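The values are calculated or read from the model by the stated rules, or taken from the named source; none is laboratory data. In this text, all values refer to a predicted model and were calculated from it rather than measured experimentally. Because the Cβ atoms are built from the backbone with ideal geometry, glycine has one as well, and the counts that use them run over all protein chains shown.
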Amino acid sequence: MATNRTFTMLKPDAVEKGHIGAILEKITASGFRIVAMKLTQMTKADAETFYAIHNERPFFPELVAYMTRGPIVAAILEKDNAVEDFRTLIGATNPADAAEGTIRKMYAASISENAVHGSDSNDNAAIECAFHFSGREQF
Ligand code: UDP
């Protein structure tokens, strides 16, 4: 996995509220190329595996219920310095702490329902891209 790729999900709250188009526009206008993308829904097992690092945290059951309650848009994005630049574009986990103009500031409701995911390291980006997409789905 090249270090200039990251993985994102537009989470169920963003999809429910009809923000797919606006968020994708912001992502592509910020210089990210879409390498792979699909509308899909995570199973309970998918969410428990994807967020396994948080499985001891008190919010874990709520996180799994949230992430499985409806469809998400999963995508792989490409840009120089993709992981770090995308984390800057989405803003802090808690939208109350997110900078003006960031996706979470604009579209997230709370620290739990925060509209969008972005990989936090190159290693995790590679794992997360492979979790959701085969090589044949990546362009
Ligand atoms: N989360 C939550 N409560 C918290 C912290 C996180 O519900 O107190 C959820 C939230 O949806 C977040 C996800 O768990 O995006 C993963 O948390 P992490 O700390 O990895 O934040 P991220 O990398 O998504 O900014």
The range 97-112, subset surrounded by 15 or more Cβ atoms within 10 Å (Cβ to Cβ) and under 18 Å from G21 (Cα atoms), residue farthest from the ligand (Cβ to nearest atom): M106
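Within the range 24-79, take every residue that is aromatic (F, W, Y) and touching a residue at least 12 places away in the same chain (Cβ under 8 Å) and give me the one that is farthest from G135 (Cα to Cα).
Checked the range 24-79; the qualifying residue farthest from G135 (Cα to Cα) is F59.
Could you please give the count of residues in the range 58-80 that are over 13 Å from the mean Cα position of the chain (by Cα) and more than 15 Å from the ligand (Cβ to nearest atom)? First the steps, then the outcome.
Just the residues of the range 58-80 that are over 13 Å from the mean Cα position of the chain (by Cα), to begin with: 58-66, 68-70, 78-80.
Subset that is more than 15 Å from the ligand (Cβ to nearest atom): 78-80.
Final tally of qualifying residues: 3.
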Where a residue in the range 120-138 is buried (at least 16 other Cβ atoms within 10 Å of the Cβ) and its partner, wherever it lies, is among the β-branched types (V, I, T), with Cβ under 7 Å and at least six apart: N122/T3; N122/V83; A125/T6; A125/V83; C129/I76; F133/I76
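Scanning for something among the basic types (K, R), within 13 Å of the ligand (Cβ to nearest atom), at pLDDT 95 or above and surrounded by 18 or more Cβ atoms within 10 Å (Cβ to Cβ), does the range 81-96 turn up at least one residue?
To start, the set of residues in the range 81-96 that are among the basic types (K, R) comprises 87.
After this cut, where a residue has to be within 13 Å of the ligand (Cβ to nearest atom) as well, the list is 87.
With the extra rule that they be at pLDDT 95 or above, the set shrinks to 87.
When the remaining residues are screened for being surrounded by 18 or more Cβ atoms within 10 Å (Cβ to Cβ), the result is none.
Looking for residues that are among the basic types (K, R), within 13 Å of the ligand (Cβ to nearest atom), at pLDDT 95 or above and surrounded by 18 or more Cβ atoms within 10 Å (Cβ to Cβ), one finds none in the range 81-96, hence no.
I'm checking my understanding of the structure. Among residues of the range 113-131 that are of a type in the set (D, E) and within 12 Å of the ligand (Cβ to nearest atom), which one is nearest to V64 (Cα to Cα)? It would help to see each step written out before you state the result.
Of all residues in the range 113-131, those of a type in the set (D, E) come to 113, 120, 123, 128.
From the residues that got through so far, the ones that are within 12 Å of the ligand (Cβ to nearest atom) too are 113, 120, 128.
On the way: E113: 11, D120: 19, E128: 16 Å.
That would be E113.
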